[in-house]
Structure formats: structure tokens, C-alpha cells
Amino acid sequence: MIVRRPAASDRDVVHETLTRCGAFTSEEIRVAIEMFDAGLAGDYALLGIEAEGVLRAYACFGKASLTARSWYLYWICVDPVVQGSGIGQTLQRSVEDCVRHMGGERLVLETSGRPEYERPRRFYERAGFTVHGRIPDFYKPGDDCIIYCKLLGGAA
């Protein structure tokens, strides 16, 4: 496994991975690709994991505006072919290390309360994130927004 910054040449693979995950709607995939492109332009941080010469997982994250040391994890996606292999955990730890290196103390994320998101929510909880809030019907009726936070400690 190689941790690296994704490149423009990874865009199609990222799109395919988002689609194959099965949890994301077409609108969510569109937004994820827009943010991937913005990350390539430097507006967000991108990090990926390459295995067997192919990008198998990626994350998009960035500093929360107007905060001293808070960061958002906007997207993390692991190719279903390698889910359960530890690549997602390696990517999550790499994102946390990167945020710490840039002075971050906490990582915040928002995710859906839909049943399709149960597996990602368990992933976040196993990674040490805790629920700090829930907004009922945030995305649409019956689709709550669940807010997670992880204190990182050891900021550089």
C-alpha cells in the first residue's frame, strides 16, 4: 500500500469507486467529484491509498473556516473490492496524521442517518469518533444528519 496525493488521472477511478460503494446517491457522487476537482486545485486536502497500482481509497478534508484547529473530513471512500482489508483504517490514520501535522486538534464529519450509512457510521465509531449531535430530517424527511467528532491530540 502506498499513501499518496491523488492526481487528475485518478478522477475516473474515484468516480467508479464512489458509484460501486452503493451508498451514495448520484447527487452525492456529483458533489464528491466537484470537491475532488477542487482538491486537485488546492481548495481541499486529498489523500489516497494505492494498492496494486490503482487508487483504492481516497479522502477529502480541509480546515474548518474561522476555527483555530478544527478540520472537516468531507469524504472518505474505499473501493468495495478492498473493504475490510484495513485500507480504510490506514487512510483514516493517515488523514489524522496529516491534520495533526498541520496543527489540527479535532476532526469533524457529518453523515447521513440512512440505513445505507450504518456501515460507515460503525467505521467512524471504531476509529474513535463520537456522536456530538443529530439534526432530524436534515437532508430530507427521514434522513438525519449525524455529527461526529474526534479529538486528535498531539498537534504539531
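Amide H to amide H, with H built 1.01 Å from N, Ala64 comes under 5 Å of Ser70, Trp71, Tyr72, counting only residues 5 or more places away or on other chains.
Residue exposure proxy: Asp143, Asp79, ordered by other Cβ atoms within 10 angstrom of their Cβ from fewest to most, comes out as Asp143, Asp79. Going through the range 1-70, which GluC sites (Glu not before Pro) have at most 15 other Cβ atoms within 10 Å and a DSSP loop state? Those satisfying the criteria are Glu52. Taking a sphere under 11 Å around the Cβ of Cys145 and counting the other residues whose Cβ falls inside, with K and R at +1 and D and E at -1, yields a net charge of -1.
A crude spin-label estimate for the pair Phe138 and Ala8, with each label 7 Å from Cα along the Cβ direction, gives 3.4 nm.
Dividing the Cα radius of gyration of the range 2-151 by 2.2 N^0.38 Å, with N the residue count, gives 0.99.
Spin-label model, Asp43 to Ala68: label points 7 Å out along the Cα-to-beta-carbon direction sit 2.9 nm apart.
Read the figures in this text as sums done on the coordinates, not as results from a lab. Computed from a predicted structure; not experimentally measured. We place every Cβ from the backbone using ideal geometry, glycine too, and count neighbours over all the protein chains shown.
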